[in-house]
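Engineer: Before anything else, here's the structure in question.
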Amino acid sequence: MNLSCDVLIVGGGIAGLSLASELASRGGPTVALVEAESTLGYHTSSRSARQLNPSYGPPVVRRLTARTLGLLAGVQERTRLVLTTPRSYLLIGSEADVAARAAGPMRRVTHAQALRLCPQLLPDTFEAAGLDTTCVGTDTDALLEYHRSAAVGSGAAILTGARVTAAGRSGGRWRVRAGEQEISAGVVVNAAGAWADRLAEMCGAAPRNLVPYRRTAAVVRVGSQPVPGTPMVASADDSFYFRRDEAGVLISPCESVPSTAEDARPNPGDVEALIVRLNTLTTLGITEVVRSWTGLRTSPPGGIPIVGFDPDAEGFFWLAGQGGFGFQTSSAIAELAAAQLTGQEPGDTQAAAELAPAAAG
Ligand SMILES: Cc1cc2nc3c(=O)[nH]c(=O)nc-3n(C[C@H](O)[C@H](O)[C@H](O)COP(=O)(O)OP(=O)(O)OC[C@H]3O[C@@H](n4cnc5c(N)ncnc54)[C@H](O)[C@@H]3O)c2cc1C
């Protein structure tokens, strides 16, 4: 055995890294994290829109988001790192769609107010609007690096290029093959993102019917760039969003197309079609694509992340299915998971119950 630990986290995205930092900083269990790729955060965690929206998602997700914002504010105060900056969120669309999506801290604003907030919007293209001023943008690279360095600084081992290819139990512990390493672990945490069901099957746990859904984004150059402080703008029917980016504007067609677990790549047609559409809905005047990317937002059928010990597979802990909320819920979910992994009562017992993996049918 090359390495022995109490908790082995599989997956070096935001889910795995935030748990590693939370667990390691508590002291107690020894922690190792293995990541298949040579770079941490290579898959979905480097491909997000970098926005934390307390009004986005089902109620439990919104609660976890608010908690994450509070925890990150504490980290920033302690470390003086800049991990988040205020960036409000403007929802536009038909009366019915905005009413259906305006939740949590989002409040309604008038049509005229919406146009003042984002002058690039054309007046005839939407009826109603909602604004959430509690949202923040996040520097995801800085956040991933903060968690990596906090975890390593507290004694966690982090191995990249270490894909888990086999796992089994013997003598009440896991024996895991990860790259060249043979690892002995008390608990395996499944933070494998789009590959979470595959890892579960490798570990003899029942899969949870997680589906990776493609979502593409692009940074484009524009004739009329929104000024700093302009909210992120999203259509309430979930057909696009855009926001200012240093290099121009970040746009997404918000597609949700089921995929296999893979290194997803954009279909150029998706971005081109959105550019045509946004050039008719706004005065942004998009001229060219700087770069585009696609990530996989992986969700279980219920749409709520799965966090907790598998009731049927001993020593197997789920940290999966974060869908489009992985960053905005990350610190709160890490806190919840760390409490369960160290035998403590989670602070938010209701969230713990809602996210708990059900027994396999
Ligand atoms: C376009 C887009 C926009 C988004 N915008 C936002 C946003 O604004 N706010 C927000 O909160 N969320 C957003 N999301 C969602 C967010 O990015 C994800 O929820 C989050 O990154 C998921 O993190 P993760 O750690 O679970 O998965 P990943 O980052 O995919 O990490 C899983 C890791 O596990 C590794 N792995 C898999 N199998 C193995 C194995 N056998 N052995 C070792 N390692 C393995 C993989 O290599 C991978 O690195 C967005 C997503 C997309 C695609």
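The values are calculated or read from the model by the stated rules, or taken from the named source; none is laboratory data. Only a predicted model underlies this, so the values are computations on that prediction, with no experimental measurement involved. Ideal geometry is used to build each Cβ from the backbone, glycine not excepted, and the neighbour counts take in all protein chains shown. Accessible surface is based on the protein model in full, side chains and every heavy atom, while ligands, DNA and RNA are left aside. Shrake-Rupley method; radii C 1.70, N 1.55, O 1.52, S 1.80 Å.
Engineer: Scan the range 28-37 for residues that are within 10 Å of the ligand (Cβ to nearest atom) and surrounded by fewer than 24 Cβ atoms within 10 Å (Cβ to Cβ) and jot them down.
Structural biologist: The answer is ALA36, GLU37.
Engineer: Given (1) open to solvent by less than 30 Å² (accessible area, probe 1.4 Å); (2) among the small types (Gly, Ala, Ser); (3) closer than 30 Å to LEU19 by Cβ; (4) in a helix (DSSP H, G or I), identify the lone condition not met by GLY70.
Structural biologist: Of everything listed in (1) open to solvent by less than 30 Å² (accessible area, probe 1.4 Å); (2) among the small types (Gly, Ala, Ser); (3) closer than 30 Å to LEU19 by Cβ; (4) in a helix (DSSP H, G or I), GLY70 misses just condition (1).
Engineer: What is the number of the single condition among (1) within 13 Å of the ligand (Cβ to nearest atom); (2) more than 13 Å from VAL34 (Cβ to Cβ); (3) open to solvent by 10 Å² or more (accessible area, probe 1.4 Å); (4) not aromatic (Phe, Trp, Tyr) that THR216 does not meet?
Structural biologist: The single condition THR216 does not satisfy is (3).
Engineer: Run down ALA200, ALA167, ALA194 and say which single residue is within 13 Å of the ligand (Cβ to nearest atom), within 17 Å of the chain's Cα centre (by Cα) and either over 25 Å from ILE286 (Cβ atoms) or not in a strand (DSSP E or B) (or both).
Structural biologist: Values: ALA200 fails: within 17 Å of the chain's Cα centre (by Cα); ALA167 fails: within 17 Å of the chain's Cα centre (by Cα).
After applying the criteria, what remains is ALA194.
One line per residue, one yes/no per condition, for (1) assigned to a strand (DSSP E or B); (2) touching a residue at least 12 places away in the same chain (Cβ under 8 Å); (3) not assigned by TED's automatic domain parsing to the domain that holds ASP197:
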site	(1), (2), (3)
GLU314	no, yes, no
TRP318	yes, yes, no
PHE327	no, yes, no
ALA338	no, yes, no
GLN344	no, no, no
GLN350	no, yes, no
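Engineer: Any residue in the range 184-203 that's aromatic (Phe, Trp, Tyr): show its pairings with residues that are surrounded by fewer than 23 Cβ atoms within 10 Å (Cβ to Cβ) at Cβ separation under 6 Å, as long as the two are six or more apart or on different chains.
Structural biologist: Here the result reads TRP195/ALA261, each pair linking the range 184-203 to a residue that is surrounded by fewer than 23 Cβ atoms within 10 Å (Cβ to Cβ).
Engineer: Another question about this same structure. Can you name every residue in the range 73-97 that is within 30 Å of ALA112 (Cα to Cα) and assigned to a helix (DSSP H, G or I)?
Structural biologist: GLU95, ALA96, ASP97
Engineer: If ALA142 passes every condition in (1) within 15 Å of the ligand (Cβ to nearest atom); (2) aliphatic (A, V, I, L, M); (3) buried (at least 16 other Cβ atoms within 10 Å of the Cβ) but one, which one does it miss?
Structural biologist: Checking ALA142 against (1) within 15 Å of the ligand (Cβ to nearest atom); (2) aliphatic (A, V, I, L, M); (3) buried (at least 16 other Cβ atoms within 10 Å of the Cβ), the one that fails is (3).
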